[in-house]
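Read the structure below first, then the notes.
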Amino acid sequence: MDTLTKEVAVPLGTYMKGFPPVQRLHPFEQAMLELTWGTQTYEKVLTKVDSLRKSILEASCVFCFCDLNCRPRRLHYQDRQSGV
């Protein structure tokens, strides 16, 4: 899970920093954006990519938390052997 976080979520965060909000774009870039994709599509895609990044980070945190709270396999094996 750590590899997934490092290989997917971290680069997505880097990519997100490279795409500024529409308000910070140069007027020419804003006009080109409006003519090609539209500002709503641009913002919607950025929102989806950011939510994907956050979901991956959240899943990684939940997985690590569950892994820390799990009992070691040795204890599960002992419980099975003793009939608990």
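Just so it is clear, none of the values below were taken in a lab; they were calculated from the coordinates. Note that the coordinates shown come from a computational prediction; the quantities given were computed from them, not determined experimentally. Note that we place each Cβ from the backbone using ideal geometry, even for glycine, and neighbour counts take in every protein chain shown.
Legend: ranking of residues Val62, Val22 from fewest to most surrounding C-beta atoms inside 10 Å; resulting order Val62, Val22. Counting Lys and Arg as +1 and Asp and Glu as -1 over every other residue whose Cβ lies under 15 Å from the Cβ of Leu33, the net charge comes to -1. Could you work out the local net charge near Ala9, counting Lys and Arg as +1, Asp and Glu as -1, over the other residues with Cβ closer than 9 Å to its Cβ? Cβ neighbours under 9 Å give a net charge of +2.
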